[in-house]
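Q: The structure that follows is given in the form of structure tokens.
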Amino acid sequence: MLSIDELKSISFFENLDEKELKLLLSISRKRTFSQGEILFYEKEKPKHLIMVLEGVVKIYKIDPKNNEIVLHRFRPKNLIAEMAVFEGIPYPASAAFESDGSVLEIDFEKFKEYFLGNEDIALALFKSLTQKIKYLDNVIALNVVLDSTARVAKYICENDDALQMKNNQLAQYLHMTPETLSRILKKFAKLGFVEKEDISYKIINKEALTILFE
């Protein structure tokens, strides 16, 4: 069970007063998950607004060859799939925890009744939806517009934690084999764009990498 102070610490709800926070708590519940557990499946009908509180959640689809295609990863204090909730349509993809974690589930019908008239909440939702459009643009750019070398360059330049990810995890997100990713990173190292550091890499010439995808 989340406390009022914990709820207040989430920027999405920071402008709610204590009465509103108590009301929000009354229509919400905290759920915990273990690594690998499914949050929801594609084509399930959503009933709750879902916010990640702890851990990392991947959004993914399964292609006709039974390959998992990771569309995005969400970290704490982000809403997930709110568009499906608002539109009353099935989830367009599945979600699973990549680590132990938890979410806040909010009864959407009651949330709509009690909170959508609040300007601060409405603005926060608008910003969240706008961010999802940016995510979609990035997915399209990474997987349709750019070749594999440019995809790697763009992703590692725009995501600070990319080079700290496991090789197979990063490759999965970029929709390429780990072998292809390794070849590209070795090429970047040879060109002086990145430098080997223990079991990972660090960027040493971001400007040169940026030229590859702009």
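The values are calculated or read from the model by the stated rules, or taken from the named source; none is laboratory data. Keep in mind that what you see is a predicted model, and the values were worked out from it rather than measured. Cβ atoms come from the backbone with ideal geometry, glycine included; neighbour counts cover every protein chain shown. Remember, those area values only see protein heavy atoms, side chains included, never the ligands or the DNA or RNA. Shrake-Rupley method; radii C 1.70, N 1.55, O 1.52, S 1.80 Å.
Q: Quickly estimate the mean residue ellipticity at 222 nm for the chain, helices only: each DSSP H run with n ≥ 4 gives -39500 (n - 2.57), and the total goes over all residues, rounded to 500.
A: -12000 deg cm²/dmol
Q: Another one. What do you get when you divide the Cα radius of gyration of the range 1-80 by 2.2 N^0.38 Å, with N the number of residues?
A: 1.31
Q: Oh, and also: Counting only residues 5 or more places away or on other chains, whose amide H sits under 5 Å from the amide H of Val194 once H atoms are built in the peptide plane?
A: Result for Val194 returns Ala189, Ile204.
Q: Which cross-chain or sequence-distant (5 or more) residues have an amide H under 5 Å from the amide H of Leu39, H modelled 1.01 Å from N in plane?
A: Ala95, Ala96, Phe97
Q: Could I ask something else about it? What do you get for the angle between helix 148-158 and the principal long axis of the chain? Use alpha-carbon atoms, 0 to 90 degrees, nearest ten.
A: Around 50 degrees separate the two axes.
Q: While we're looking at this one, here's another question. Find which of Asn66, Leu79, Pro92 sits farthest along the positive direction of the dipole of the range 25-105, computed with +1 on the beta-carbon of Lys and Arg, -1 on that of Asp and Glu, about the Cα centre.
A: Farthest towards the positive pole: Leu79.
Q: Dipole of the range 1-105, Cα-centred, from +1 at each Lys and Arg C-beta and -1 at each Asp and Glu C-beta, to the nearest 20 debye?
A: For the range 1-105, the charge dipole is close to 200 debye.
Q: Please give the charge dipole size of the range 64-214, origin at the Cα centre, charges +1 on K and R Cβ atoms and -1 on D and E Cβ atoms. Round to the nearest 20 debye.
A: It comes to approximately 720 debye.
Q: Which value does Rg/Rh take for the chain over its C-alpha atoms, Rh per Kirkwood?
A: Expressed as Rg/Rh, it is 1.02.
Q: Ignoring ligands, DNA and RNA, what accessible area per residue does the range 81-214 give at 1.4 Å, in Å²?
A: 56 Å²
Q: Another question about this same structure. Per residue of the range 199-214, in order, report the coupling 6.51 cos²θ - 1.76 cosθ + 1.60 (Karplus, θ = phi - 60°) as ³J(HN,Hα) in whole Hz, putting x for Gly and Pro.
A: 9, 10, 10, 9, 6, 10, 9, 5, 4, 5, 5, 4, 4, 5, 10, 8
Q: Take the alpha-carbon centre of the range 48-119, take the same for the range 4-30, and report the distance between them in whole Å.
A: Comparing the Cα centres of the range 48-119 and the range 4-30, I get a distance of 19 Å.
Q: Excluding same-chain residues fewer than 8 positions from Lys22, which lysines have a Cα within less than 18 Å of its Cα?
A: Lys8, Lys30, Lys110, Lys112
Q: Share of the chain's accessible area from carbon and sulfur, percent, 1.4 Å?
A: With neighbouring chains kept in place, the figure for the chain is 51 percent.
Q: Continuing with this model, one more query. Could you pull out every one of the lysines with an alpha carbon less than 29 Å from that of Lys190, ignoring same-chain neighbours closer than 8 positions?
A: Lys154, Lys166, Lys202, Lys206
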